[in-house]
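Colleague: What follows is a structure written as structure tokens; I'll ask about it next.
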Amino acid sequence: MDKNENVNSAVEPKVEKTRAERFIDAFNSIDYSLRVRYGLNRSMGFSDLIRKSVSLNYVVRKYEDDLIDYSRLRNAIVHQGTKNFIIAEPHEQVVEHIEKIERLINTPPKAIDICRRDVLTTDASVSMEDVIKLIASSNYSNIPVYKGKNLIGIANGQKILNAFGQYLITGGKAQSFLKNAQIEDMMTQIKNSGYYEVCSVDLTAEEALNKFHANPKLLALLITKNGLPTDKPLGIVTGADAIELNKVLDNF
């Protein structure tokens, strides 16, 4: 016998999984991941698990109805009394869809790979006039403000306009505000109140979307290496990016 033939004969042929096996693998992976990630009771049924995870995971919320349907389908294709004996085969499109959901839950795309990386920043000492010009000329309505290496806030166009209006209402002079006030002065007057967050580079697209969903006041997510305000800004995600993030998840 030829040496190569001997080697080849020792290699076991790869056995492809059936559609039912692929479906069960994806289903079980989703079930396990959600229970471990969110510390949910192991005895909880899958449908209840999904409902509990809806407020915690954007992907689960997006595909909630499908996942609950797949729970029923799983019970239909597996005979529980005979060690999970498969008695039916799901359609290929169904299998591909649950596999996609499983990928989105376990290996979602990173927000940094989707968001804007050319983060435009400004110094705390810059005048309000120059910051307003910068917002207008760049078309970026959220600009991180730094004092040295420390982030002191995010200059948001709408919040600056509101603060400017309040200043005028109380008798302030527009020219004085624009020329003499620094953006740092404005940052001390604008309370954060959760309108921005600093996140690490590990932030996923799903987590970003979930943050915007959970906090209607959230305007921007600034991404840094370790999620610290003293880190260099690597990217920024705004509410306007939600559509693009959703597209990426749809096509993932």
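The values are calculated or read from the model by the stated rules, or taken from the named source; none is laboratory data. Everything numeric here is computed off the predicted structure, so don't read it as measured data. Heads up, the Cβs are rebuilt from the backbone with ideal geometry, glycines too, and the neighbour counts pull from every protein chain shown.
Colleague: Failed condition for ARG103, given (1) in contact with a Phe, Trp or Tyr (Cβ under 7 Å, 6 or more places away or on another chain); (2) surrounded by fewer than 18 Cβ atoms within 10 Å (Cβ to Cβ); (3) over 21 Å from LEU34 (Cβ atoms), with all others met?
Modeller: Looking at each condition in turn, ARG103 falls short on (3).
Colleague: Residues in segment 214-228: is at least one buried (at least 20 other Cβ atoms within 10 Å of the Cβ) and within 30 Å of GLU96 (Cβ to Cβ)?
Modeller: The answer is no; no qualifying residue exists.
Colleague: A follow-up question, please. Under 7 Å between Cβ atoms, at least 6 apart or on separate chains: pull out the pairs that start in segment 36-47 with a residue that is under 15 Å from ILE105 (Cα atoms) and basic (Lys, Arg) and end on any residue that is part of a helix (DSSP H, G or I) and modelled with pLDDT of 95 or more.
Modeller: Hits for this filter: zero, empty list.
Colleague: If ILE135 satisfies all but one of (1) on the phi > 0 side of the Ramachandran plot; (2) under 33 Å from the mean Cα position of the chain (by Cα), what's the number of the condition it fails?
Modeller: (1)
Colleague: Looking at GLY172 and the list (1) assigned to a helix (DSSP H, G or I); (2) under 25 Å from ALA124 (Cβ atoms); (3) among the small types (Gly, Ala, Ser), which single condition is not satisfied?
Modeller: Status for GLY172: all satisfied but (1).
Colleague: Could you please let me know if VAL201 is closer than 21 Å to LYS110 by Cα, modelled with pLDDT under 90 and surrounded by 14 or more Cβ atoms within 10 Å (Cβ to Cβ)? Break it down stepwise before answering.
Modeller: On the way: closer than 21 Å to LYS110 by Cα: yes; modelled with pLDDT under 90: no; surrounded by 14 or more Cβ atoms within 10 Å (Cβ to Cβ): yes.
So VAL201 fails the test.
Colleague: Could you list, in sequence order, all residues of segment 29-46 that are modelled with pLDDT under 95 and among the polar types (S, T, N, Q)?
Modeller: ASN41, SER43
Colleague: Still on this structure, please answer the following. Considering segment 215-252 alone, what residues qualify as being touching a Ser or Thr at 6+ places or on another chain (Cβ under 8 Å) and more than 13 Å from PRO144 (Cα to Cα)?
Modeller: LYS217, LYS225, ASN226, GLY227
Colleague: Could you please give the count of residues in segment 178-214 that are of a type outside the set (S, T, N, Q) and without any contact (Cβ under 8 Å) to a residue 60 or more places away in the chain? Break it down into steps so the answer makes sense when it comes.
Modeller: As a first pass, look at segment 178-214 and keep what is of a type outside the set (S, T, N, Q): 178-179, 181, 183-187, 190-191, 194-199, 201-203, 205-209, 211-214.
From the residues that got through so far, the ones that are without any contact (Cβ under 8 Å) to a residue 60 or more places away in the chain too are 178-179, 181, 185-186, 190-191, 194-198, 211-212.
So the count comes out to 14.
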